[in-house]
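First the structure, in the form of structure tokens, and then the observations on it.
The values are calculated or read from the model by the stated rules, or taken from the named source; none is laboratory data. Keep in mind that this is a model prediction, so the values were computed, not measured. Counting neighbours? That spans all protein chains shown, and the Cβs are built from the backbone with ideal geometry, glycine included. We work out accessible area using only protein heavy atoms, side chains counted, and drop any ligands, DNA or RNA first. Shrake-Rupley method; radii C 1.70, N 1.55, O 1.52, S 1.80 Å.
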Amino acid sequence: MSSITDWLSGLSGPVVYAVVGALVFAEDALFFGFVIPGETAAVLGGFLAHQGKVSIGWLVLVVVCAAVLGDSTGFEIGRRIGPKILDTRPMRRHANRIDQAQDLIRRRGPAAVFFGRFVAFFRAMMPALAGASRMPYPRFLLFNALGGLIWGAGFTLLGYFAGAAYTQVEGAVGRALALLIAAFVVITLLVWRLRRRRSETRTPTRDDHDHQDDQNDRDEKP
């Protein structure tokens, strides 16, 4: 994460807007949330805004617009080719979580789009699943815009105020200790994300259940 921050810090203001916006957009439109969560891009952008690299106001606008447009693109992709996407091998590995997202759409309707915005996996998949379910786009857009506004402004400002807190710590205890604290926080977050990803990969898929059922049937036969 520190290497990404250093790379973004070396970019000019307009390029920072473009990179952060592109990462947020790609997470929702192209399912890149499996690789780089959009929330990470928003937080890092807010941190750079505190350093004076970009304007926090314009950055919030970019992040919110990218989130809403990315969801709308994902919705259209899901409406056109949703079943084909779900039948791919990467999606089959997450069959259980996709079933949970589909169940949430059935129970909550467009409100699932709003709540899904705040969960990494659902944020990447919910727009396409909403499109595949033939949800009316005006209803989708309303909840999409509300979620994008709260999420985009919230995580960008989180990064901005995290930068302010870092500056205060640095001034109080010195740069070395501040860097040590920052490194500890980053390592803790990375360990947490790795453990969560490993737990997800260990979750049995639908194919695993089918295989186990077949095995049980064979065992019961004389």
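Within the option set VAL20, VAL24, VAL63, VAL16, being surrounded by 14 or more Cβ atoms within 10 Å (Cβ to Cβ), hydrophobic (A, V, I, L, M, F, W, C), modelled with pLDDT of 80 or more and over 15 Å from TYR160 (Cα atoms) holds for one residue only, VAL24. Report yes if PHE47 is within 30 Å of ALA164 (Cα to Cα) and either open to solvent by 60 Å² or more (accessible area, probe 1.4 Å) or under 13 Å from the mean Cα position of the chain (by Cα) (or both), otherwise no. Criteria not met by PHE47.
Check the range 124-131 and report whether any residue there is at pLDDT 80 or above, surrounded by fewer than 23 Cβ atoms within 10 Å (Cβ to Cβ) and within 17 Å of the chain's Cα centre (by Cα). Checked the range 124-131: no residue is at pLDDT 80 or above, surrounded by fewer than 23 Cβ atoms within 10 Å (Cβ to Cβ) and within 17 Å of the chain's Cα centre (by Cα). Look at the range 67-84: where a residue is over 14 Å from ALA101 (Cβ atoms) and a partner is in a helix (DSSP H, G or I) and of a type in the set (Val, Ile, Thr), sitting 6+ places away or on another chain with Cβ atoms under 9 Å, you get ALA67/VAL24; GLY70/VAL24; ILE77/ILE85. Within this structure, LEU23 fails the test of being within 19 Å of GLY159 (Cβ to Cβ), in contact with a helix residue (DSSP H, G or I) (Cβ under 9 Å, 6 or more places away or on another chain) and in contact (Cβ under 8 Å) with a residue 60 or more places away in the chain. Does GLY159 fit the bill of being of a type outside the set (D, E, K, R), at pLDDT 90 or above and open to solvent by less than 10 Å² (accessible area, probe 1.4 Å)? Spelling it out, it is not the case that GLY159 is of a type outside the set (D, E, K, R), at pLDDT 90 or above and open to solvent by less than 10 Å² (accessible area, probe 1.4 Å).
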